[in-house]
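Remarks on the structure that follows.
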Amino acid sequence: MEKEQRDYKAHCLVFPYPSQGHINPLLQFSKLLAHKGVKVTLVTTRFIYNTMYKGSCCTALETISLEAISDGFDEGWKTQGVSIQAYLESLWKVGSQNLAELIEKLSGSGCPVDCLVYDAFMPWPLDIAKKFGIVGAVFFTQSCAVDNIYNHVNKGVLKLPLTDSEISLPGMPPLEPLDLPSFLSHFGSYPAFFEVVIGQFCNVDKADWVLCNTFYDLEEQVVDWLAKFWPVRTIGPTIPSNYLDNRLKDDKGYGVDLFKSSNDACMKWLNKHPKNSVAYISFGSAAQLGLEQMEELAWGLKRSKSKFLWVVRESEAAKVPEGFIEETAEKGLVVSWCSQLEVLAHEAVGCFITHCGWNSTLESLSLGVPLVAMPQWTDQSTNAKYIKDVWEIGVKAQPDEKGIVRREEVEHCINEIMERDKGKEIQKNAMKWKDLARKAVVDGGSSNRNIDEFIETLVKH
Ligand code: UDP
């Protein structure tokens, strides 16, 4: 079909890394593009396609086409005794061939692709975009602060293992080694993931666009710094529309869950509780707590004055202390997955004890919910540093010399936020950032303008 005959502005293929924390922001970005007149095809792996739960939480999802390609492990790789290295290699080798075939197929069927938006965790789709002469836009799913740190490692400016007690990088506050992502502070801990996060920068200089899921006011200095080198555009926070600007109809969830949700039970339970009386606890889709940490957390929740709603994924359930659920039935609810946004938006929720995954951080910030930061690994310690010391929207739970956050500390942190007088400043800051997040995405806001600019260049391409 000739370009001028099309009833859409451009056709974007959007390709997230196959995990919940990566699908969510790229899916939400896709909905926005579609809302603005772009045809979007979201590509995922066959395994994710066959196992995901498609929610009825958003009509916007219906505006996006979904395609599945093989990554060489259509039955999933985690259950097959395959190493992460072997999986990533297959994703690259098998995935790139199938992605290229998909682009050819779409061209042949009259829907040529104008742009490939790919997750920075997989840099190789840029070669495919170049081969087909289409726009290649890399999408960074972590904070610009974290991207800046990794880029310094990639360039060899920040040397590993770390030796200095204070790390100074442009656009950022002074950092202690433990504020850096765990793959750097505990160098050698997860070599395959280290390769992934540093590999994000191997070809970024050649990308046509560098899209970041953050917003300008949140990371102004570091965004300005990165923008000296790359065509960086902040387009976040990619939070379903009902919680920010209400632009997309009925958009109160991302729309794809990789875990079965017990959301109705959560809402029913939360509805019974007064405003700001519940602490919500979740460690996202991947973090695994040690047995001792899980026990300390559980008993800390029991000790605290607040009620609690705790998400414990099925794979973590055996670590909950025996008898805990029965003993605390009056005080708390433990579920295996929920709609986190609906929970955070509920007035009964007064704080979020979080692993500080970037999506969870942005969601809480955008909804004005103060945080108790309990980072576990990867970029979470850097996010925790910003939560506590830069945005001042939360406290950080201090681990002991064994690295365990004890029950007394859990109790103390919850009280610091939930007790109105103590938590006043943090609550005020949380409201300030909620407002700024909304301002970034409404008409005229920095992120909204950046998305419009991105689309305009696709039209002209
Ligand atoms: N999430 C959810 N229900 C839950 C727990 C998490 O919907 O019970 C969502 C959450 O809203 C977020 C994503 O899962 O969008 C987790 O992403 P994040 O970056 O916070 O952490 P990750 O899972 O990547 O470690």
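The values are calculated or read from the model by the stated rules, or taken from the named source; none is laboratory data. Bear in mind the structure is a predicted one, so any value in this text is a computation, not a measurement. Using ideal geometry, Cβ is built from the backbone for each residue, glycine included, and neighbour counts are taken over all protein chains shown. We work out accessible area using only protein heavy atoms, side chains counted, and drop any ligands, DNA or RNA first. Shrake-Rupley method; radii C 1.70, N 1.55, O 1.52, S 1.80 Å.
Table for the structure above
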read-out	value
Enclosed volume per residue, in Å³, of the convex hull spanned by Cα atoms of the chain	138
Pairwise FRET efficiency - residue 75 versus residue 100, Cβ, R0 = 25 Å, nearest 0.05	0.60
Principal-axis tilt of helix 446-460 within the chain, Cα atoms, nearest 10 degrees	20
3J(HN,Hα) from dihedral phi, region 245-252, Karplus parametrisation 6.51/-1.76/1.60, rounded to Hz, x for glycine, proline	10, 6, 6, 8, 5, 6, 9, 10
Nearby aspartates and glutamates by direct alpha-carbon distance to residue 319 (threshold 12 angstrom, same-chain neighbours under 8 apart not counted)	292, 295, 296
Residues of region 154-179 with amide N under 17 Å of a point placed 7 Å along Cα→Cβ from residue 398	176-179
Rounded accessible area of residue 432 (nearest 10 Å², 1.4 Å probe)	100
Links that overshoot a 19 Å alpha carbon limit, given the list 228/439; 155/206; 54/268	228/439; 54/268
Whether region 356-421 is rounded, prolate or oblate, judged on the alpha carbon gyration tensor where a/c under 1.5 counts as rounded	oblate
Per residue solvent-accessible surface (Å²) - the chain, probe of 1.4 Å	42
Euclidean distance between Cα centres, region 311-354 to region 126-140, Å	41
Rounded, prolate or oblate (a/c below 1.5 giving rounded, otherwise prolate when a/b exceeds b/c) for region 312-430 by Cα gyration tensor	rounded
Probe 1.4 Å - accessible area at residue 296, Å² to nearest ten	20
Among 94, 178, 350 - extreme Cα towards positive end, dipole of the chain, charges at beta-carbon	350
Over region 1-146, equivalent-ellipsoid semi-axes from the Cα gyration tensor in Å	24, 18, 15
Rounded to 10°, Cα long-axis angle of helix 84-108 versus longest principal axis of the chain	40
